[in-house]
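One structure is given below, encoded as structure tokens.
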Amino acid sequence: MKEFIINTDEIANLISSLPADKWDILAPAKDGKSFDYVLSSDKPIINSEAPPSKISFKEYFFPKSETLFYYKREANEISLTEPKFAEKKLLVLAAKPCDAASLPILSKVFNWDYKDEFFNKRVNNSVIIGLSCAYSDESCFCTSVGLDRNNTKGSDIFLTPFNDKQYVLSVVSDKGDSFVKEFLPNLTEFTGTKETKEFIDNKPFDYKKTKDWIAANFENKIWAETGEVCIGCAQCAFVCPTCHCFDIVDENCDLNCGRRIKNWDACQFGVFTKHASGHNPRNSQEKRYRQRVSHKFDYYYEKFGEVLCTGCGRCTRGCPAGIDIGEIVFSISNQ
Ligand code: SF4
Ligand code: SF4
């Protein structure tokens, strides 16, 4: 892996020099709530010690609402028009390992039985600059799901703080390599040793055991106990970098035209599985919460060989009912 030293001035220069008609730049927002666009004159937040933003950057790759096509009827003819797709590239700055890793996880599901060209175009048009993480609280469990503070999964380029004003820049992917060659050609090669000490010591987590327990315990009091307090708000799904449920609806402008749109949805909503007949196979919060955990730690693992979770802890930090997904899966894994 090629490594260079980059200082904060060089990062500021990079931001001001990227052509604004070709590139959007995204970084953690100042209020800590989400990611936001950075202007060429802005000083982006690159802070290893900051907590993960309350909302992940998922919406920039999988928007809350997106038009799939427009339709129009004239006489007996129906015509379809594709939406214009923004061709600008996206540079994401300072993505924590628990954010960056969500993209390859989401890519598996968006390229499984159907290739989602919208998602794929956005990912292909992006460059992710990951940032080593020095934050940890009781909701974090990234090291339990195979990540760590220096994990480069999903990053094209990775920054590790070296001192107050300098980072070690590691080139992770071919896309990252091309980006560095084009926009950062004068960096000094790094030949020293960077500090890679792990300090987040999460509890061990046994995927296989957890998966098998969930499969064998479709009826268990743990689901009833959690369903009793879960209010079905779906905050957990909307802040999560890996949740990806959506609904497709037609929105008419009048009787002869409209658009088909894809909107975020969540398995925690009561109507998510409600059939047109009125029957609802998940007619209680107990069943809906069981689905959330089963999808992440049983069905997804069975299908793709990894869990649908980066251990970012967002769902737990924001849950109004105090439900801690890490605590639930650890209690299962440690039985
Ligand atoms: S955020 Fe908490 S209360 Fe809301 S749906 Fe998720 S688990 Fe239930
Ligand atoms: S389930 Fe919770 S901890 Fe896991 S990735 Fe989603 S928000 Fe993060």
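Some values worked out for this structure:
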read-out: Å² of accessible area per residue within the stretch 115-173, as computed with a 1.4 Å probe and no ligands counted; value: 37
read-out: Local electrostatic count, P51, Cβ distance below 10 Å [Lys/Arg +1, Asp/Glu -1]; value: +2
read-out: Cα gyration tensor shape of the chain, rounded if a/c is under 1.5, else prolate or oblate by comparing a/b with b/c; value: oblate
read-out: Relative packing of peptides 34-40, 324-330 - highest average C-beta neighbours within 10 Å first; value: 324-330, 34-40
read-out: The stretch 129-174 - percent of accessible surface contributed by carbon and sulfur, probe 1.4 Å; value: 43
read-out: Positive-pole candidate from G313, Q291, S41, dipole of the chain, charges at beta carbon; value: Q291
read-out: Accessible surface of the stretch 214-335 [probe 1.4 Å, protein heavy atoms]: carbon and sulfur percent; value: 52
read-out: Only Lys, Arg (+1) and Asp, Glu (-1) charged, at Cβ; the chain dipole about Cα centre in debye; value: 460
read-out: Net +/- balance of residues flanking R282 in space, Cβ distance below 10 Å, scoring K and R +1, D and E -1; value: +3
read-out: Global geometry of the stretch 19-104, whether rounded, prolate or oblate, following the gyration tensor of its Cα atoms and the 1.5 cut on a/c; value: prolate
read-out: Cα centre as origin, Lys/Arg/Asp/Glu Cβ charges: the stretch 149-296 dipole, Debye; value: 440
read-out: Neighbour-limited loop hits for trypsin sites (Lys or Arg not before Pro), the stretch 86-190 (at most 15 other Cβ within 10 Å; DSSP other than H, G, I, E, B); value: K88, K115, K165
read-out: Counted charge near P19, where neighbours are those whose Cβ lies closer than 15 Å (Asp, Glu -1; Lys, Arg +1); value: -1
read-out: Per residue accessible area in Å² of the stretch 208-324, where ligands, DNA and RNA are left out and the probe is 1.4 Å; value: 47
read-out: Restricting the stretch 169-268 to chymotrypsin sites (Phe, Trp or Tyr not before Pro) in coil, as DSSP defines it, with at most 14 other Cβ within 10 Å; value: F199, F218
read-out: Carbon plus sulfur fraction of accessible area for the stretch 1-117, probe 1.4 Å, in percent; value: 53
read-out: The chain: antiparallel DSSP beta bridges as a percent of all, rounded to 5; value: 75
read-out: Where only C-alpha atoms are counted, convex hull volume of the stretch 132-261 per residue in Å³; value: 261
read-out: Flagged links, alpha-carbon separation over 32 Å, of K84/K287; K121/K209; K274/K303; K165/K208; K89/K287; K89/K262; value: K84/K287; K121/K209; K165/K208; K89/K287
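The values are calculated or read from the model by the stated rules, or taken from the named source; none is laboratory data. What you see is a predicted model, and the numbers here were worked out from it, not measured in a lab. Note that each Cβ is placed from the backbone with ideal geometry, even for glycine, and that neighbours are counted across all protein chains shown. Only protein heavy atoms, including side chains, enter the accessible area calculation; ligands, DNA and RNA are left aside. Shrake-Rupley method; radii C 1.70, N 1.55, O 1.52, S 1.80 Å.
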